[in-house]
Amino acid sequence: MEIGFTLNGRHVEVSCKPSTLLSDLIREQLSLTGTHVGCDTSQCGACVVHLNGDSVKSCTVLAVAADDGEVRTVEGLCAVDGTLHPMQQAFHENHGLQCGFCTPGMLMSAIDLVKHIPDPTEAEIREWLEGNICRCTGYQNIVKSIIAGAAAMRTAS
Amino acid sequence: MSEVIGIGASPKRKEDARFVRGRGTYVADIKRPDMLVGAFLRSPHAHAYLKSVDVSDALAAPGVVAVYTGEDLKKDNVGGLPVGWGISGKDGNPMKEPPHPPIAVGKVRYVGDAVAFVVAETTDQAEAAAELIRVDYDVLPAVVGVVDALRAGAPAVYDDIEDNLCCDWDLGDAAAVEAAFREAAHVASVELVNNRLIGNPLEPRAAIGEYNFATGQYTLWTTSQFPHVVRLLMGEFVLHIPQHKLRVVAPDVGGGFGVKQFHYAEEAIVTWAAGKLGRPVKWVARRSEGFISDAHGRDHVTEAELAVDENGKFLAMRVKTLANMGAYLSTFGPNIPTNLYAPLLSGVYRIPAIYCEVKCVFTNTVPVDAYRGAGRPEATFVVERLVDLAAREMGIDKIDIRRRNMIPKEAYPYQTPVIVEYDSGDPMGCLDRAEELADVAGFEARRAEAAARGKFRGLGVSTYVEACGLAPSRLAIGLGARSGLYESATVRVHPSGAVTVLIGTHNHGQGHETTFAQIVSQQLGVPFQDIDIVFGDTDRVQHGLGTYGSRSLVVGGAALSRAGDKVILKGRKIAAHQLEASVDDIIFENGEFSVAGTDRKKTFKEIAGSAYVPGNYPLETLEPGLEEQAYYDPINFTYPGGAHFAEIEIDPDTGIVTLERYTAVDDVGTIINPMIVEGQLHGGIVQGIGQALFEHGVYDQSSGQLLSGSFMDYCMPRADNMPQIVLEPHSTPCAHTPMGVKGCGECGTIGSPAAVMSAVVDALKPLGVSHVDMPATPNHIWNIIRNSRAQIAAE
Ligand code: FES
Ligand code: FES
């Protein structure tokens, strides 16, 4: 099938099978490997991207669902000159990552959280991250990062 | 930040720049030209003879290039996977070490054992074709638990190892222990299980093999914590590729925790297949495949006793452990429950006599090997459970009994009765401070308040010591290591004065690119931003032994600082020539070489430049260039330690355990980057909490199926069930490492299971519960509460 969508601000046209997962399309066909795959049961959240502005687990969405839509991946967060998105900056400043494998999904989930709850409490953040597993950090600095990132996003907007 | 950032500062991590942008390079991200993809057919049976494996339909399937079985590998002289550490039993005989073929030959021995490998143009094609392989299994009875495996008449995992016993090992003075037990006023005893864990680094394992016919060069990209060791083990023992014709690259790796420090079959198979096919071959584990092919951790059954005198002083300890090896010996399998376990049984206490027996047992399960902490959390759990029980049974406060028996700061160095000699430590200092931070004084009020809400509240404590910084080679080789355990580092100073470090450890989340740069920045006075750390590629880094056992900073960092010393020495010779002074008069400080007592000096940058443009240079006596390599072999282990407090609440209606507070005071020696150390402790503590409350690798007893084979069934710690953790360092510098560092990667995982379970048992004290096995899941706790209440009612 031929599908077209906006990927990190530019239009792409690709052909894929009806069964192709969005995560595979992004990683294998479009070579944007920042979106990670950490499981096969839709549990870990390493694959989270934004589809039409909402966070989705791209391993659980068919690529065709993106047709005519808008997809943003972790690679689309920073400016063209590399300037970090406030949430990326907050993860960096608060040591919110270790091996970096969960990080893209964490960032995409966190940004969507702030869209829904601009000033989230620690409990709200922890609950929102139910679908994102991190094996390295124990979550403490991720929570701290998101609190800081949310504040920075509020200031920026 | 064009400045020197040294030891004790917390610069933000260099590695973040690529990770937060999604620009890391993990193995699964790599595509090689003309690359094929492989998929495994794995045994659905725990134990079966392979009567036949018919691959004809699979071979004919679309896109399929090759299908390989164990017999194909055998015919091509592919060797078995070697064990890196051999042990010997009580009788002096070496352990049983049956062959470990990369793909099963004749018999499968666990669910997940590889039966065939399909190589095709796409993943879909390879996976579809694997389904077409017809295997005729003659299914045998299976055994998964250590107790069952040792029973007479148990299914034999190996036809020629009747009792499933790999090794019957011991350590310590049995006679002294017997004598001490005869004198004891009280004996505390416990039977416990250390639950099987599945490490689950978030990045699944992956490997790509490649072969260049023109040069005879093989390359393996792999998710490994120790690429040089894979090169050695795979090259020498499995594929017989000369070392100089094999490059192993472990690029960004998404967490390891020990799971990625073994040489795995898949690494050899993709490399071998690439050689056969002349095209790169890639394999990426699906998570469900990882569950049945990544080595698991822990899985002990233990009986232990502690002899105590009338004053609550410990006299002796006796421990009998059955340790599950799984179906084959993984790279370090037999070493973990023996050499990394029994020597830690003294904990932070004076225990005059200790005797430990360990039976390593084969079962029809995934091989068991190191997982974060590896042996030491198991030892700590045994010691701390016994100490808690002794306190309770003798009516002594559990913190007080620890104080009565702790090794005082002044008594270091302290020789334990089980090989190791602790060089430094202050367990009492850690305990005092942790008790304060945890507000132990206010606990009874919190317990009463919880009781008023119908909840059981408990306070738990643990202290621990670990042996890490693996390892002094001579000692390790004496204990059965088949390799040295030193580390190497090269400091390459560029003509501009910028530095590239090439180091044999591997960074997969620990922040080495930052920490090691701080060491160099301080030592050489080079701006932090002008230092890059290179690791993970055997073609770039000459030699190394990788990252495990909290060794990177301790052993690798020491090699790095030694290499830095050599750079400085050479710099002084260059400076002496240029400043017309004797080498002995040249001092190096703050990035400048100067003649003592004068203002004549050269900057590090000037010296680096002249090493490469040697106009004014002592060429008669000194080579140009500025690059030095050093090896470091530690003289002892390092012994981080600490005290942890956990406070939990149990809802008796649901059995849910909620962790309310967690406090840890740890002695990790000198701290290079406090931010990173905290992060390591957070992560380690949460993994230990995972073991205590959630994680459990469960096999069906009769079929040998792994019941907890996905994230749906194996409960990983999530953000919403973790509390804020309060941390404080309490450092005593290590007496023998160059910077006084001790390592911090495993501390959390070692201290926390015992602290949490101490709290769980404390909460259930009103019901007369004296021990709870891990994990304390709601179902488990609910049953304990129900049964205890029934028992109380019946009495
Ligand atoms: S890969 Fe999508 S949830 Fe794990
Ligand atoms: S940083 Fe490694 S999984 Fe989160």
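Of all residues in the range B:506-521 being more than 16 Å from ligand 2 (Cβ to nearest atom) and of a type outside the set (Gly, Ala, Ser), which is farthest from B:Pro11 (Cα to Cα)? Steps first, please.
As a first pass, look at the range B:506-521 and keep what is more than 16 Å from ligand 2 (Cβ to nearest atom): B:515-521.
Then drop every residue that is not of a type outside the set (Gly, Ala, Ser), which leaves B:515-516, B:518-520.
Numbers: B:Thr515: 9, B:Phe516: 12, B:Gln518: 9, B:Ile519: 12, B:Val520: 14 Å.
Across the range B:506-521, the extreme among qualifying residues is B:Val520.
Working only within the range B:159-176, note down all residues that are in a strand (DSSP E or B), closer than 9 Å to B:Phe362 by Cβ and within 28 Å of the chain's Cα centre (by Cα). Full working, then the answer.
Start the filter on the range B:159-176 by keeping residues that are in a strand (DSSP E or B), which leaves B:161, B:165-172.
Now restrict to residues that are closer than 9 Å to B:Phe362 by Cβ: B:161, B:165-166.
Result: B:Leu165, B:Cys166.
When you go through B:Glu606, B:Glu592, B:Glu620 one by one, which is the residue that is over 26 Å from B:Val501 (Cα atoms) and of a type outside the set (A, V, I, L, M, F, W, C)?
B:Glu620
Test of understanding: among B:Val499, B:Val387, which residue is open to solvent by less than 10 Å² (accessible area, probe 1.4 Å), without any contact (Cβ under 8 Å) to a residue 40 or more places away in the chain and of a type in the set (A, V, I, L, M)?
Values: B:Val387 fails: without any contact (Cβ under 8 Å) to a residue 40 or more places away in the chain.
It is B:Val499.
So which of B:Ile396, B:Ile401 is assigned to a loop (DSSP other than H, G, I, E, B) and more than 23 Å from B:Thr547 (Cβ to Cβ)?
Numbers: B:Ile401 fails: assigned to a loop (DSSP other than H, G, I, E, B).
Selected residue: B:Ile396, the only one of B:Ile396, B:Ile401 that is assigned to a loop (DSSP other than H, G, I, E, B) and more than 23 Å from B:Thr547 (Cβ to Cβ).
Sort out which residues of the range B:723-744 are outside any loop (DSSP other than H, G, I, E, B), away from chain A (no Cβ under 14 Å) and surrounded by fewer than 23 Cβ atoms within 10 Å (Cβ to Cβ), and write them in order of number. Show your work before the answer.
Our first condition is that a residue be outside any loop (DSSP other than H, G, I, E, B); within the range B:723-744, this holds for B:725-729, B:741.
Going one step further and asking which of them are away from chain A (no Cβ under 14 Å), we end up with B:728-729, B:741.
Listed by number, the residues that qualify are B:Glu728, B:Pro729.
Within the group B:Leu431, B:Leu437, which residue is open to solvent by 10 Å² or more (accessible area, probe 1.4 Å), within 19 Å of B:Tyr662 (Cα to Cα) and in contact (Cβ under 8 Å) with a residue 60 or more places away in the chain?
Values: B:Leu431 fails: open to solvent by 10 Å² or more (accessible area, probe 1.4 Å).
None of the other options fit; the residue is B:Leu437.
Quick check on the range A:72-86. Is at least one of its residues within 16 Å of ligand 2 (Cβ to nearest atom) and in contact (Cβ under 8 Å) with a residue 40 or more places away in the chain?
Narrowing the range A:72-86 to residues within 16 Å of ligand 2 (Cβ to nearest atom): A:74.
Subset that is in contact (Cβ under 8 Å) with a residue 40 or more places away in the chain: A:74.
Looking through the range A:72-86, at least one residue is within 16 Å of ligand 2 (Cβ to nearest atom) and in contact (Cβ under 8 Å) with a residue 40 or more places away in the chain.
In the set A:Gly34, A:Gly45, which member is open to solvent by less than 10 Å² (accessible area, probe 1.4 Å), within 15 Å of ligand 1 (Cβ to nearest atom) and at positive phi?
Numbers: A:Gly34 fails: at positive phi.
Of the residues listed, the single one that is open to solvent by less than 10 Å² (accessible area, probe 1.4 Å), within 15 Å of ligand 1 (Cβ to nearest atom) and at positive phi is A:Gly45.
Filter the range A:95-121 for residues that are away from ligand 1 (no atom under 16 Å from the Cβ) and within 9 Å of chain B (Cβ to nearest Cβ); which is surrounded by the fewest Cβ atoms within 10 Å (Cβ to Cβ)?
Of the range A:95-121, the ones away from ligand 1 (no atom under 16 Å from the Cβ) are A:95-98, A:111, A:113-121.
Then drop every residue that is not within 9 Å of chain B (Cβ to nearest Cβ), which leaves A:95-98.
On the way: A:His95: 25, A:Gly96: 30, A:Leu97: 29, A:Gln98: 31.
My answer is A:His95.
Could you figure out which of (1) within 16 Å of ligand 1 (Cβ to nearest atom); (2) farther than 18 Å from A:His50 by Cβ isn't true of A:Leu129?
Every condition holds for A:Leu129 apart from (2).
When the range B:769-795 is examined, which residues are found to be open to solvent by less than 30 Å² (accessible area, probe 1.4 Å) and under 17 Å from B:Asn721 (Cα atoms)?
Of everything in the range B:769-795, those that are open to solvent by less than 30 Å² (accessible area, probe 1.4 Å) and under 17 Å from B:Asn721 (Cα atoms) turn out to be B:Met774, B:Pro775, B:Ala776, B:Ile781.
For the range B:253-293, how many residues meet the condition of being touching a Ser or Thr at 6+ places or on another chain (Cβ under 6 Å) and within 16 Å of ligand 1 (Cβ to nearest atom)? Full working, then the answer.
Step one: list which residues in the range B:253-293 are touching a Ser or Thr at 6+ places or on another chain (Cβ under 6 Å), which gives B:253, B:260, B:262-263, B:267, B:288.
Add one more test, that the residue is within 16 Å of ligand 1 (Cβ to nearest atom), and what stays is B:288.
Here the count works out to 1.
Quick one: which of A:Ser19, A:Ser55, A:Ser31 is free of Cβ contacts under 8 Å to residues at least 40 places away in the same chain, hydroxyl-bearing (Ser, Thr, Tyr) and not assigned by TED's automatic domain parsing to the domain that holds A:Ile146? Steps first, answer last, please.
On the way: A:Ser19 fails: free of Cβ contacts under 8 Å to residues at least 40 places away in the same chain; A:Ser55 fails: free of Cβ contacts under 8 Å to residues at least 40 places away in the same chain.
None of the other options fit; the residue is A:Ser31.
Looking only at the range B:157-168, decide whether some residue is closer than 29 Å to B:Pro82 by Cα, among the acidic types (Asp, Glu), out of contact with any Asp or Glu (no Cβ under 7 Å at 6 or more places or on another chain) and open to solvent by less than 20 Å² (accessible area, probe 1.4 Å). Talk me through it step by step, then tell me what you get.
Narrowing the range B:157-168 to residues closer than 29 Å to B:Pro82 by Cα: B:157-168.
This time we only want the ones that are among the acidic types (Asp, Glu), so: B:159-160, B:162-163, B:168.
Narrowing the set further to residues that are out of contact with any Asp or Glu (no Cβ under 7 Å at 6 or more places or on another chain) leaves B:159-160, B:162-163, B:168.
Next, only the ones that are open to solvent by less than 20 Å² (accessible area, probe 1.4 Å) stay: none.
Checked the range B:157-168: no residue is closer than 29 Å to B:Pro82 by Cα, among the acidic types (Asp, Glu), out of contact with any Asp or Glu (no Cβ under 7 Å at 6 or more places or on another chain) and open to solvent by less than 20 Å² (accessible area, probe 1.4 Å).
Only one of (1) crowded, with 24+ Cβ neighbours inside 10 Å; (2) over 26 Å from B:Glu513 (Cβ atoms); (3) facing chain B (nearest Cβ under 10 Å) is not met by A:Gln88, so which one is it?
Failing condition for A:Gln88: (2).
Residues that are among the aromatic types (Phe, Trp, Tyr) and open to solvent by less than 20 Å² (accessible area, probe 1.4 Å): which strands (runs of 3 or more DSSP E) entirely in the range B:248-332 hold 1 or more of them? Before the answer, list the steps.
Numbers: elements: B:281-284, B:300-308, B:314-326.
Fully inside the range B:248-332 and qualifying: B:281-284, B:314-326.
Could you count how many residues in the range A:131-157 are away from ligand 2 (no atom under 15 Å from the Cβ) and not small (Gly, Ala, Ser)? So that I can check it myself, show each step before the final result.
The first filter runs over the range A:131-157 and keeps only residues away from ligand 2 (no atom under 15 Å from the Cβ), leaving A:147-157.
Narrowing further to those that are not small (Gly, Ala, Ser): A:147, A:153-155.
Here the count works out to 4.
Which ones in the range A:55-85 are among the β-branched types (Val, Ile, Thr), more than 7 Å from chain B (Cβ to nearest Cβ) and under 15 Å from the mean Cα position of the chain (by Cα)? Even if it seems obvious, please write down each step before you answer.
Residues of the range A:55-85 that are among the β-branched types (Val, Ile, Thr), as a first pass: A:56, A:60-61, A:64, A:71, A:73-74, A:80, A:83.
From what's left, more than 7 Å from chain B (Cβ to nearest Cβ): A:56, A:60-61, A:64, A:71, A:80, A:83.
Passing the criteria: A:Val56, A:Thr60, A:Val61, A:Val71.
Could you please find all residues in the range A:55-73 being more than 10 Å from ligand 1 (Cβ to nearest atom), within 20 Å of A:Ile133 (Cβ to Cβ) and open to solvent by 10 Å² or more (accessible area, probe 1.4 Å)? Break it down into steps so the answer makes sense when it comes.
Of the range A:55-73, the ones more than 10 Å from ligand 1 (Cβ to nearest atom) are A:55, A:62-73.
The next check asks that each one be within 20 Å of A:Ile133 (Cβ to Cβ); those that pass are A:55, A:73.
Passing the criteria: only A:Ser55.
Which ones in the range A:87-104 are within 13 Å of ligand 2 (Cβ to nearest atom) and closer than 17 Å to A:His36 by Cβ? Outline the logic, then answer.
Step one: filter the range A:87-104 for residues within 13 Å of ligand 2 (Cβ to nearest atom), giving A:91-92, A:94-104.
Matches in the range A:87-104: A:Phe91, A:Gly96, A:Leu97, A:Gln98, A:Cys99, A:Gly100, A:Phe101, A:Cys102, A:Thr103, A:Pro104.
Any chance you could count how many residues in the range B:182-207 are in contact with a Gly (Cβ under 7 Å, 6 or more places away or on another chain), more than 10 Å from every other protein chain (Cβ to nearest Cβ) and small (Gly, Ala, Ser)?
Selection size over the range B:182-207: 0.
Could you please find all residues in the range B:758-795 being of a type in the set (Asp, Glu) and modelled with pLDDT under 95?
Listed by number, the list holds a single entry, B:Glu795.
Looking at this structure, is B:Arg134 touching a helix residue (DSSP H, G or I) at 6+ places or on another chain (Cβ under 8 Å), closer than 28 Å to B:Val270 by Cα and basic (Lys, Arg)? Can you show your working first?
On the way: touching a helix residue (DSSP H, G or I) at 6+ places or on another chain (Cβ under 8 Å): yes; closer than 28 Å to B:Val270 by Cα: yes; basic (Lys, Arg): yes.
Against the criterion (touching a helix residue (DSSP H, G or I) at 6+ places or on another chain (Cβ under 8 Å), closer than 28 Å to B:Val270 by Cα and basic (Lys, Arg)), B:Arg134 qualifies.
What's the total number of residues in the range B:616-656 that are of a type in the set (Asp, Glu) and in a loop (DSSP other than H, G, I, E, B)? First the steps, then the outcome.
Step one: filter the range B:616-656 for residues of a type in the set (Asp, Glu), giving B:620, B:623, B:627-628, B:633, B:647, B:649, B:651, B:653.
Within this subset, residues satisfying the condition of being in a loop (DSSP other than H, G, I, E, B) are B:620, B:623, B:633, B:653.
The total comes to 4.
Restricting attention to the range B:102-116, which residues are touching a Leu at 6+ places or on another chain (Cβ under 8 Å) and crowded, with 21+ Cβ neighbours inside 10 Å? Spell out the reasoning first.
As a first pass, look at the range B:102-116 and keep what is touching a Leu at 6+ places or on another chain (Cβ under 8 Å): B:102-108, B:111-112, B:114-116.
Across the range B:102-116, the qualifying residues are B:Pro102, B:Ile103, B:Ala104, B:Val108, B:Val111, B:Gly112, B:Ala114, B:Val115, B:Ala116.
With respect to the numbered conditions (1) assigned to a loop (DSSP other than H, G, I, E, B); (2) within 14 Å of chain A (Cβ to nearest Cβ); (3) under 29 Å from B:Arg786 (Cα atoms); (4) in contact with an Asp or Glu (Cβ under 9 Å, 6 or more places away or on another chain), which one is the sole condition not fulfilled by B:Gly697?
(2)
Looking at B:His228, is it more than 25 Å from B:Val366 (Cα to Cα) and away from every other protein chain (no Cβ under 14 Å)? Walk me through how you get there before you give the answer.
On the way: more than 25 Å from B:Val366 (Cα to Cα): no; away from every other protein chain (no Cβ under 14 Å): yes.
Against the criterion (more than 25 Å from B:Val366 (Cα to Cα) and away from every other protein chain (no Cβ under 14 Å)), B:His228 does not qualify.
Among (1) crowded, with 24+ Cβ neighbours inside 10 Å; (2) more than 12 Å from chain A (Cβ to nearest Cβ); (3) not in a helix (DSSP H, G or I), there is one condition B:Arg661 misses while meeting the rest; what is its number?
Of everything listed in (1) crowded, with 24+ Cβ neighbours inside 10 Å; (2) more than 12 Å from chain A (Cβ to nearest Cβ); (3) not in a helix (DSSP H, G or I), B:Arg661 misses just condition (1).
The values are calculated or read from the model by the stated rules, or taken from the named source; none is laboratory data. Note that the structure is a prediction, hence the values are computed from the model and not measured. Heads up, the Cβs are rebuilt from the backbone with ideal geometry, glycines too, and the neighbour counts pull from every protein chain shown. Ligands, DNA and RNA are stripped out before the accessible areas are found, and what is left, the full protein with its side chains, is counted by its heavy atoms. Shrake-Rupley method; radii C 1.70, N 1.55, O 1.52, S 1.80 Å.
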